[in-house]
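In what follows, a structure is listed as structure tokens, so that the remarks can point back to it.
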Amino acid sequence: MPDIIQIEHLRYVYNAGMPDETVALDDVSFTVGEGDFVGVIGATGSGKSTLIAHLNGLNRPTSGRVLIDGRDMWQKGEDLRAFRFLVGLVMQYPEYQLFEETCAADIAYGPRNMGLSEAEVAARVREAAAFAGLDEALLQRSPFELSGGQKRRVAIAGVMAMRPRVLVLDEPAAGLDPEGRDTILSQIRDYHQKTGTTVLLVSHSMEDIAKYADRVLVLSSARVAMYDTVEAVFDRAPELLRLGLSVPQITQVFLRLREMGLDITADVYTVPYAVKTVQKALAAKQQRKGGAADAP
Amino acid sequence: MLRDITIGQHFPGDSVLHRCDPRLKLLGTVGYIAVLFVAGNPLGIGLALAFLAALYAAARIPYKMILKSLKPILPIILFTSVLNLFFVSGQGQAPLFSWWVFTVYPQGVRYAVLLSLRVIALIAGTSLLTYTTSPIVLTDALESVLRPLGRLHFPVHELAMMMTIALRFIPTLIEETEKIMNAQKARGALLDTGTVLQRVKALVPILVPLFISAFNRASDLAVAMECRCYRGGEGRTRLKVLRYTRTDALCAAVLVLALAAIAATRWLVPGL
């Protein structure tokens, strides 16, 4: 399958020529295959938000190319809007973009801009609302009377309703309580599994990335530091810590255990897997002890 | 796009002009504007422009910043100079040319050129003030300069506080607008094509969220100020007290001399 996103030597400079000129992205290259779930992680100011704004044509690269589905979006004659419908972008704190009188009308804004028929728009609104876990009664209410978490889900539904082939979410769970966090992220995973949409999830939380993503893109001071499967990236935990990023707490525990001399793998990043690893290690230990069955 | 608006923008630096006392710069700018209107002949305006160019050089601000600040008011300059061109009639002068109802006299050309140069000097001069002075410092200076009016129960402190807050929130609101515009563009909003009515309609998805967030911010700020027992200017002391230094005295001397020279051209060379 061809790669849906190809980034080639992307460089982006803010305020070029001013005293406060800053390089936000420097020689960034990577590809994302169709149907992947990629976590994007990096310290504050590492260029995550700038990078995803490029996927949607909101930033124009200073140099380098951004190819979506094999086409360069900044080539002459290309319609930027077509790329925006191809790559749906959910910005940070997307609830601030709500403006319509009812949630349904707000979710319909994107599909309507695509020039779809009213019947098609209505169908998409219902579908997206279901993915975002919004019930019918809520759709007829004003978005401004909803709770923060509900608003957030309306905003995400507004992008899902455009049926993009790539869904990019910038910190979709930021500022929500743990329950709201899990709800939104598992809805995104379900959406990914049911529709096969490629998903890029920007997050600060290693736990979230470990739980939901297949691959991880680590950005550090405007460059790609690592891009690999979740296992391979967390296996380089000491490097992540040096980049100012944390690893999941459970991985930290296992790293310490290994440092203390225990014969244990350190590529543990979810609790269920941790339980299995501990059981396996205990079983191995008991076998080694042989007859001494009463040993702890 | 929105970031191109340079009126009121600060251009950080460490030149003599940046370090100069803001009250002096504020009064100097007012003086400069007054002198621009006193000096009526080409020599005066020429001197005023030369002085300004020297100040820009001293502040190490690139000249292209002048062009940037002039861009938004270019239509006004063009409009007024065209009006002058056609409506000023030279007494006893032969018209340069006349066509249909339009007649252009040499006097009209002179007025048009002088007036545009004057407006350019005015904008460039006031921009220099904001380029070299951060908005917060500037409102401090304004409060200090206007303090005598407080005796007449004029709410100087409140006015300065309002200005500080307004100036402080311009960049925030610009950033906010860009964010919202990007979010709606990502949902396929068309902002710069279509008929006038379509374009006005396309603004709704941007203005509604912008107003809501601006009101929220204002209310948050009011609560935050009340939590810290803000109760107006009475008895309030400052963290940074403005004091004139010896460099400021020197700057003031240069400024007064230059302004006097520009103003003097009106009487010294009246024939021009």
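The values are calculated or read from the model by the stated rules, or taken from the named source; none is laboratory data. Everything numeric in this text was worked out from a predicted model, so none of it was measured. Note that each Cβ is placed from the backbone with ideal geometry, even for glycine, and that neighbours are counted across all protein chains shown. SASA here: full protein model, heavy atoms, side chains in, ligands and nucleic acids out. Shrake-Rupley method; radii C 1.70, N 1.55, O 1.52, S 1.80 Å.
Of all the numbered requirements in (1) at the interface with chain A (Cβ under 10 Å from one of its Cβ atoms); (2) in contact with a Gly (Cβ under 7 Å, 6 or more places away or on another chain), B:Lys185 misses one, and that requirement is (2).
Conditions (1) in contact with a strand residue (DSSP E or B) (Cβ under 7 Å, 6 or more places away or on another chain); (2) in a loop (DSSP other than H, G, I, E, B), marked per residue:
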site	(1), (2)
A:Val13	yes, no
A:Asp20	no, yes
A:Gly35	yes, yes
A:Arg60	no, yes
A:Glu78	yes, yes
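Which condition breaks for A:Pro164 when tested against (1) over 25 Å from A:Thr102 (Cβ atoms); (2) crowded, with 20+ Cβ neighbours inside 10 Å? All conditions are met except number (1). Considering B:Gln91, B:Gln184, the condition of being of a type outside the set (A, V, I, L, M, F, W, C) and open to solvent by 40 Å² or more (accessible area, probe 1.4 Å) is satisfied by B:Gln91 alone. Looking across segment A:101-125, the residues that are open to solvent by 40 Å² or more (accessible area, probe 1.4 Å), assigned to a loop (DSSP other than H, G, I, E, B) and either in contact (Cβ under 8 Å) with a residue 60 or more places away in the chain or more than 8 Å from chain B (Cβ to nearest Cβ) (or both) come down to A:Glu101, A:Gly115, A:Leu116, A:Ser117. When A:Val216, A:Val159 are checked against the criterion of being buried (at least 18 other Cβ atoms within 10 Å of the Cβ) and closer than 22 Å to A:Phe30 by Cα, a single residue qualifies: A:Val216. What do you reckon, is A:Val247 within 30 Å of A:Pro164 (Cβ to Cβ), crowded, with 16+ Cβ neighbours inside 10 Å and either in the same structural domain as A:Gln92 (by TED's automatic domain parsing) or in contact (Cβ under 8 Å) with a residue 24 or more places away in the chain (or both)? Taking the combined requirement at face value, the residue does not satisfy it. Taken over segment A:223-239, the criterion of being over 18 Å from the mean Cα position of the chain (by Cα) and crowded, with 21+ Cβ neighbours inside 10 Å is satisfied by A:Ala237 alone. Exactly one residue among B:Thr265, B:Thr195, B:Thr247 is under 30 Å from B:Leu26 (Cα atoms) and loosely packed, with under 15 Cβ neighbours inside 10 Å, and that residue is B:Thr247. Among the numbered conditions (1) within 14 Å of another protein chain (Cβ to nearest Cβ); (2) in contact with a Gly (Cβ under 6 Å, 6 or more places away or on another chain), the only one that A:Met160 does not meet is (2). B:Pro171: within 14 Å of chain A (Cβ to nearest Cβ) and either open to solvent by less than 50 Å² (accessible area, probe 1.4 Å) or of a type outside the set (Val, Ile, Thr) (or both), yes or no? So B:Pro171 fits the description; yes.
Based on this model, can you work out whether B:Lys179 counts as of a type in the set (Lys, Arg) and within 11 Å of another protein chain (Cβ to nearest Cβ)? The answer is yes for B:Lys179.
Given the residues B:Tyr105, B:Tyr111, which is the only one that is in contact with a Ser or Thr (Cβ under 7 Å, 6 or more places away or on another chain), of a type in the set (Ser, Thr, Tyr) and open to solvent by 40 Å² or more (accessible area, probe 1.4 Å)? Just one listed residue meets the conditions, B:Tyr105. Filter segment A:45-66 down to residues that are basic (Lys, Arg) and open to solvent by 50 Å² or more (accessible area, probe 1.4 Å) and give me whichever is farthest from A:His9 (Cα to Cα). Looking at the filtered set, the residue picked out is A:Arg60.
In segment A:54-65, the residues that are within 17 Å of A:Val202 (Cα to Cα) and hydroxyl-bearing (Ser, Thr, Tyr) form no Cβ pair under 8 Å with any partner that is modelled with pLDDT under 90 and open to solvent by 20 Å² or more (accessible area, probe 1.4 Å), whether six or more places apart or across chains. Within the set A:Asp214, A:Asp190, A:Asp182, the sole residue that is without any contact (Cβ under 8 Å) to a residue 12 or more places away in the chain, assigned by TED's automatic domain parsing to the domain that holds A:Ser49 and within 14 Å of the chain's Cα centre (by Cα) turns out to be A:Asp182. Considered as a group, the residues in segment A:43-58 that are in a loop (DSSP other than H, G, I, E, B) and under 21 Å from A:Pro2 (Cβ atoms) include one that is nearest to the other protein chains (Cβ to nearest Cβ), and that residue is A:Asn56. Screening segment A:67-87 for residues that are touching a residue at least 60 places away in the same chain (Cβ under 8 Å) and either more than 10 Å from chain B (Cβ to nearest Cβ) or hydroxyl-bearing (Ser, Thr, Tyr) (or both) and picking the one that is most open to solvent (accessible area, probe 1.4 Å) gives A:Asp69.
Of the listed requirements (1) open to solvent by 20 Å² or more (accessible area, probe 1.4 Å); (2) under 18 Å from the mean Cα position of the chain (by Cα); (3) among the hydrophobic types (A, V, I, L, M, F, W, C), A:Val90 misses just one: (1).
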